[in-house]
Amino acid sequence: MEFLTGRFLGNIAINMKKYDAVREVIEELGIDYNELENAEKDPGLGNGGLGRLAACFLDSLSTLQYPAYGCGIRYHYGIFEQRIENGYQVEKPDNWLENGDIWGVKRQEYAVEIKFGGRVTPVRKPDGNFKFIAENYQSVMAVPYDYPIPGYGTNTVNTLRLWDSAAKNSFDLQSFNKGDYSKSLEEQNLASTLTEVLYPADEFISGKELRLKQQYFFISATLQRVLNRFSEMHSDFNMLPDKVQFQLNDTHPTVAVAELMRLLVDEYNLQWNDAWDITRKVCSYTNHTIMSEALEKWPIELFSRLLPRIYMIVEEINRRFCALLITRFGDDPIKIRNMAIVADGQVRMAYLAIVGSHSVNGVAAIHTEILKNQELRDFYDIYPEKFNNKTNGITQRRWLAHCNPLLSKHITDTIGDTWITDLSKLEGLLPYTEDAVFLDKFMDTKRQNKIVLSNYIMTKTGVSVDPDSIFDIQVKRLHEYKRQLLNVFHILDLYNQLKTNPALDILPRTFIFGAKSAASYRMAKLIIKLINSVADLVNNDKVIDGRIKVLFMENYNVSMAEMLIPAADVSEQISTAGKEASGTGNMKFMLNGALTIGTLDGANVEILEEVGKDNIFIFGLTADEAIKMARDGSYAPWDIYNINHSVRAVLTQLINGVLSPDDHYLFKDLYDALLSGWGGARADEYFVLKDFDSYVKTQKMVNGKYKNKNAWAKSALINVAKSGKFSSDRTIEQYAKEIWDLKKVEIKMQ
Ligand code: 26V
């Protein structure tokens with residue numbers, strides 16, 4: 001449901017190997033090329049990592065010459081535009097289509113009808129099978145818009161197909177009788193709301209009816225189009241799995257399992273068992289989170305009212321699955337309650353996806369292990385062969401070639417440009433860790449990027465930052481589990497130490513944050529306010545004298561990431577171990593020569609494996625430790641408060657008014673959440689205080705290492721050189737071979 005593509009122009013030019021030519025022509029026309037690139041609106045058709053991963057995958061699919069479509073929704077409004085007013089996040093609509101749609105091509109000829117609601121009646125046909133008659137439903141048209149995804153240096157141009165909704169009867173309403181008139185109005189209303197806006201609360205489901213409508217809308221449209229095309233060319237549906245594979249990106253599109261069954265059984269007259277066999281061979285499911293708040297479940301009342309025929313099919317899938325459980329485990333009500341697709345009044349989409357797929361994958365090694373051994377253990381027990389890992393990756397075309405031209409050129413001048421399609425080639429840089437001339441130039445590209453960012457920060461915020469300070473960056477969605485709070489506490493602790501000892505031996509550091517919070521996520525919004533309050537305190541304190549600066553960059557998005565990441569020295573990847581499925585920002589920073597400070601979580605674990613422990617800063621609880629502590633309830637944050645003076649000082653600042661002179665209670669909820677628990681959650685659910693000490697010590701090591709310019713430069717280069725594994729080209733090759741059995745198709749041009 002999400003593709004966070006970023007702007008198209010620069011990347012299309014790069015992939016067509018026409019970037020320099022395009023630039024030259026544009027400049028010759030007297031147009032500033034950068035200004036032109038910036039004039040394109042950044043399509044924010046995703047929330048965060050999940051949507052951005054899908055966009056990286058499309059780039060890799062085309063570059064590797066795999067025929068593929070990205071299938072999604074043409075939201076008229078993407079993720080909200082974030083403004084910071086008085087330190088608080090304020091959401092503004094993101095009208096990305098306002099100046100026209102440059103890249104989308106409307107394909108009216110592929111429009112299909114999508115039906116919602118109404119009544120479904122089974123009628124027995126002469127052959128004994130049932131026909132399902134739908135009445136009184138509402139329907140809308142789905143119209144695709146196709147966006148081009150050219151591969152790098154290939155003739156493959158894959159398609160991002162985004163479905164827009166349109167009213168079926170947009171003609172003269174006067175000609176309807178009363179009943180048709182109001183139904184037509186309802187349908188027009190449905191058509192105009194359905195694809196209006198992206199749901200902006202990642203990892204948190206709100207269970208809204210419109211969201212389920214969006215899901216069914218784009219899934220039914222996609223499947224109808226696929227089967228129409230398939231049946232134009234083939235008559236044997238057993239061939240479908242050889243021709244088509246669907247990769248379900250989290251549970252959001254998993255209604256596809258039931259819709260495919262409906263189309264095969266009701267529209268193409270297949271027998272249930274044959275259709276089920278085909279469906280399972282065609283579908284695969286990727287899990288992107290173990291946060292229980294993000295597990296999609298739909299109340300039966302809502303699901304069956306909106307999708308009556310689909311609900312019948314889900315019930316039948318569930319009935320057969322439960323029968324299988326009973327043959328395996330006997331009549332065990334606990335097994336059934338734990339594993340049924342329909343239970344406790346809800347439809348559980350993840351379980352539908354697992355049962356209806358031939359592959360279930362996690363997105364980093366540790367994440368897949370947690371799925372197998374904890375979250376989805378019961379399913380792993382009965383379907384071990386389905387489970388596999390596909391560690392995420394990022395496309396080096398956007399995340400190095402496009403966003404960091406200075407470093408790209410330095411690399412290409414040194415080892416050639418084969419890294420653009422084979423990122424493991426960056427290992428060719430390893431010998432240069434001993435080359436002073438290379439390293440100087442390498443660190444100079446970083447400095448240039450930091451100057452560019454400093455200038456941008458000055459124009460946007462009026463804050464002056466020192467390009468020679470350590471640029472320490474945490475950019476990602478705002479979430480308690482990602483622990484922006486831990487970062488803030490470290491800053492406050494540094495501040496406190498500098499206040500008591502102005503001669504403290506620390507290097508100047510610029511702490512940069514970028515993060516959107518879900519509009520309804522109170523704690524996350526309060527953390528944004530806290531970051532801004534700390535920034536005000538620290539940036540304006542004469543005693544600090546600019547030695548630490550704190551910035552909250554407004555409206556973090558793909559385009560801003562492209563500017564921030566090349567300027568980073570330190571990459572903050574500090575989630576509570578066990579909670580971040582993979583992370584992909586961690587990979588982007590590494591590729592651009594930042595050193596990671598992070599927990600043993602998600603892909604950080606594999607980054608450590610690649611670079612070795614001397615080139616990354618690991619701290620904190622392990623996932624096993626965190627999971628165990630969460631389970632046995634032995635953790636008592638007050639014990640840390642009582643013993644650790646720094647922790648106590650920082651926590652006290654949340655309630656003594658230094659950060660909010662006008663309202664001492666402003667941050668009280670954060671204080672309570674950490675020490676006593678808040679809103680039903682355990683005290684310090686994400687182990688911020690538990691990991692504080694280890695984090696602060698490790699940050700001291702970061703400071704120490706940066707003092708040795710040469711040691712830092714070497715480690716930074718090793719990070720770049722060892723980032724080959726984290727190309728999405730590697731990830732896609734694994735999906736193609738291990739899940740889809742997909743072959744490349746070379747497009748030859750005359
Ligand atoms: C859930 C929902 C719930 C309803 C509203 C909209 C919405 C949007 C997204 C989600 C689930 C988000 C899960 C997610 O983004 N996971 C991230 O996936 C990345 C790519 O695999 C991974 O790197 C991150 O660690 C993981 O948090």
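Going by the structure shown, is Y695 out of contact with any Gly (no Cβ under 8 Å at 6 or more places or on another chain) and either assigned to a helix (DSSP H, G or I) or within 29 Å of N592 (Cα to Cα) (or both)? Even if it seems obvious, please write down each step before you answer.
Numbers: out of contact with any Gly (no Cβ under 8 Å at 6 or more places or on another chain): no; either assigned to a helix (DSSP H, G or I) or within 29 Å of N592 (Cα to Cα) (or both): yes.
Judged against the criteria, Y695 is not a match.
Quick one: is F489 crowded, with 22+ Cβ neighbours inside 10 Å and touching a strand residue (DSSP E or B) at 6+ places or on another chain (Cβ under 6 Å)? Break it down into steps so the answer makes sense when it comes.
Numbers: crowded, with 22+ Cβ neighbours inside 10 Å: yes; touching a strand residue (DSSP E or B) at 6+ places or on another chain (Cβ under 6 Å): no.
Here the answer is no, as F489 does not meet what is asked.
Please go through the stretch 26-56 and give me each residue that is within 10 Å of the ligand (Cβ to nearest atom) and of a type in the set (A, V, I, L, M, F, W, C), ordered by number. Don't jump to the end; show me each part of the working.
At the first step, the residues of the stretch 26-56 found to be within 10 Å of the ligand (Cβ to nearest atom) are 46-54, 56.
Selection gives L50, L53, A54, C56.
Does S464 satisfy being on the phi < 0 side of the Ramachandran plot, exposed (fewer than 15 other Cβ atoms within 10 Å of the Cβ) and of a type in the set (S, T, Y)? Walk me through it before giving the result.
Details: on the phi < 0 side of the Ramachandran plot: yes; exposed (fewer than 15 other Cβ atoms within 10 Å of the Cβ): yes; of a type in the set (S, T, Y): yes.
Spelling it out, S464 is indeed on the phi < 0 side of the Ramachandran plot, exposed (fewer than 15 other Cβ atoms within 10 Å of the Cβ) and of a type in the set (S, T, Y).
Could you please let me know if D472 is closer than 30 Å to L526 by Cα and of a type in the set (D, E, K, R)? Walk me through how you get there before you give the answer.
On the way: closer than 30 Å to L526 by Cα: yes; of a type in the set (D, E, K, R): yes.
Yes: the conditions hold for D472.
When you check K516 against the structure, is it buried (at least 23 other Cβ atoms within 10 Å of the Cβ), more than 25 Å from S727 (Cα to Cα), within 16 Å of the ligand (Cβ to nearest atom) and basic (K, R), yes or no? If you could, list the steps in order and put the result at the bottom.
Numbers: buried (at least 23 other Cβ atoms within 10 Å of the Cβ): yes; more than 25 Å from S727 (Cα to Cα): yes; within 16 Å of the ligand (Cβ to nearest atom): yes; basic (K, R): yes.
Here the answer is yes, as K516 does meet what is asked.
How do the helices (runs of 4 or more DSSP H) wholly within the stretch 376-490 filter down when requiring 2 or more residues that are charged (D, E, K, R) and under 28 Å from the mean Cα position of the chain (by Cα): which remain?
Working: elements: 377-382, 405-415, 436-461.
It comes to 377-382, 436-461.
Can you find, within the stretch 337-391, the residue that is farthest from A623 (Cα to Cα) among those that are surrounded by 22 or more Cβ atoms within 10 Å (Cβ to Cβ) and polar (S, T, N, Q)?
The extreme case among them is S357.
Mind listing whichever residues of the stretch 183-205 are acidic (D, E) and within 21 Å of the chain's Cα centre (by Cα)?
Step one: filter the stretch 183-205 for residues acidic (D, E), giving 186-187, 196, 202-203.
Of everything in the stretch 183-205, those that are acidic (D, E) and within 21 Å of the chain's Cα centre (by Cα) turn out to be E196, D202, E203.
Under 6 Å by Cβ, and 6 or more places apart or on different chains, what pairs join a residue from the stretch 30-52 that is under 30 Å from T251 (Cβ atoms) and touching a residue at least 60 places away in the same chain (Cβ under 8 Å) with one that is in a helix (DSSP H, G or I) and within 16 Å of the ligand (Cβ to nearest atom)?
Close Cβ pairs satisfying both conditions: D42/V558.
Give the stretch 698-747 a look and list any residue that's closer than 18 Å to E572 by Cβ and within 22 Å of the chain's Cα centre (by Cα), or say none. Steps first, please.
Residues of the stretch 698-747 closer than 18 Å to E572 by Cβ: 698-706, 712, 715-716, 719, 723, 726.
Answer for the stretch 698-747, where residues must be closer than 18 Å to E572 by Cβ and within 22 Å of the chain's Cα centre (by Cα): S723, F726.
If a residue must be acidic (D, E) and within 18 Å of the chain's Cα centre (by Cα), how many such residues does the stretch 50-100 contain? Walk me through it before giving the result.
Initial filter on the stretch 50-100 (acidic (D, E)): 59, 81, 85, 91, 94, 98.
Restricting the remaining residues to those that are within 18 Å of the chain's Cα centre (by Cα) gives 59, 81.
Adding up the residues that qualify gives 2.
Return the only residue of V347, V360 being within 16 Å of the ligand (Cβ to nearest atom), under 13 Å from N287 (Cα atoms) and of a type outside the set (S, T, Y).
Just one listed residue meets the conditions, V360.
Would you confirm whether or not the stretch 706-717 contains a residue that is touching an Asp or Glu at 6+ places or on another chain (Cβ under 6 Å) and touching a residue at least 24 places away in the same chain (Cβ under 8 Å)?
Going residue by residue through the stretch 706-717, those that are touching an Asp or Glu at 6+ places or on another chain (Cβ under 6 Å) are none.
Taking every residue of the stretch 706-717 in turn, none turns out to be touching an Asp or Glu at 6+ places or on another chain (Cβ under 6 Å) and touching a residue at least 24 places away in the same chain (Cβ under 8 Å).
I'm trying to understand the selection: among the residues of the stretch 536-567, which are among the hydrophobic types (A, V, I, L, M, F, W, C) and under 18 Å from R483 (Cβ atoms)?
Of the residues in the stretch 536-567, the ones among the hydrophobic types (A, V, I, L, M, F, W, C) are 537-538, 543-544, 548, 550-553, 558, 560-561, 563-565, 567.
Scanning the stretch 536-567 gives V550, F552.
Check whether at least one residue in the stretch 8-23 is modelled with pLDDT of 95 or more, within 16 Å of the ligand (Cβ to nearest atom) and closer than 13 Å to T395 by Cα, and report yes or no.
Start the filter on the stretch 8-23 by keeping residues that are modelled with pLDDT of 95 or more, which leaves 8-23.
Subsequent filtering for residues that are within 16 Å of the ligand (Cβ to nearest atom) retains none.
No.
Conditions (1) touching a residue at least 60 places away in the same chain (Cβ under 8 Å); (2) touching a Gly at 6+ places or on another chain (Cβ under 6 Å); (3) within 22 Å of N586 (Cα to Cα), marked per residue:
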| residue | (1), (2), (3) |
| --- | --- |
| E480 | yes, no, yes |
| Q484 | no, no, yes |
| V488 | no, no, yes |
| L492 | yes, no, no |
| L498 | no, no, no |
| A503 | no, no, no |
| I506 | yes, no, no |
| A515 | no, no, yes |
| A519 | yes, no, no |
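Count, please, the residues in the stretch 533-561 that happen to be farther than 17 Å from E81 by Cβ and under 25 Å from the mean Cα position of the chain (by Cα). Steps first, answer last, please.
Of the stretch 533-561, the ones farther than 17 Å from E81 by Cβ are 533-551.
From what is left, the residues that are under 25 Å from the mean Cα position of the chain (by Cα) are 551.
Adding up the residues that qualify gives 1.
Tell me which of these Y145 doesn't satisfy, since it passes every other one: (1) within 20 Å of S165 (Cα to Cα); (2) loosely packed, with under 11 Cβ neighbours inside 10 Å.
Tallying (1) within 20 Å of S165 (Cα to Cα); (2) loosely packed, with under 11 Cβ neighbours inside 10 Å, Y145 fails exactly one: (2).
Among the residues of the stretch 706-738, count how many are outside any helix (DSSP H, G or I) and surrounded by fewer than 17 Cβ atoms within 10 Å (Cβ to Cβ). If you could, list the steps in order and put the result at the bottom.
Looking only at the stretch 706-738, we keep the residues that are outside any helix (DSSP H, G or I), and these are 708, 722, 727.
Right, trim to surrounded by fewer than 17 Cβ atoms within 10 Å (Cβ to Cβ) and you get 708.
Residues in the stretch 706-738 being outside any helix (DSSP H, G or I) and surrounded by fewer than 17 Cβ atoms within 10 Å (Cβ to Cβ): 1 in total.
Against the definition (without any contact (Cβ under 8 Å) to a residue 40 or more places away in the chain and within 16 Å of the ligand (Cβ to nearest atom)), how does S304 come out, yes or no?
In short, no.
Where in the stretch 175-260 are there helices (runs of 4 or more DSSP H), lying wholly inside it, with at least 2 residues that are of a type in the set (D, E, K, R) and within 16 Å of the ligand (Cβ to nearest atom)?
Details: elements: 178-194, 209-233, 240-243.
Correct list: 209-233.
Taking the condition closer than 21 Å to F511 by Cα and charged (D, E, K, R), does K744 pass?
Criteria not met by K744.
Could you list, in sequence order, the residues of the stretch 278-296 that are more than 15 Å from A353 (Cβ to Cβ) and either surrounded by fewer than 17 Cβ atoms within 10 Å (Cβ to Cβ) or within 16 Å of the ligand (Cβ to nearest atom) (or both)? Before the answer, list the steps.
As a first pass, look at the stretch 278-296 and keep what is more than 15 Å from A353 (Cβ to Cβ): 278, 291-293.
Within the stretch 278-296, M291, S292, E293 meet the criteria.
The values are calculated or read from the model by the stated rules, or taken from the named source; none is laboratory data. All of these numbers come straight from a predicted model, not from anything done at the bench. Glycine also receives a Cβ, built like all others from the backbone with ideal geometry; neighbour counts cover every protein chain displayed.
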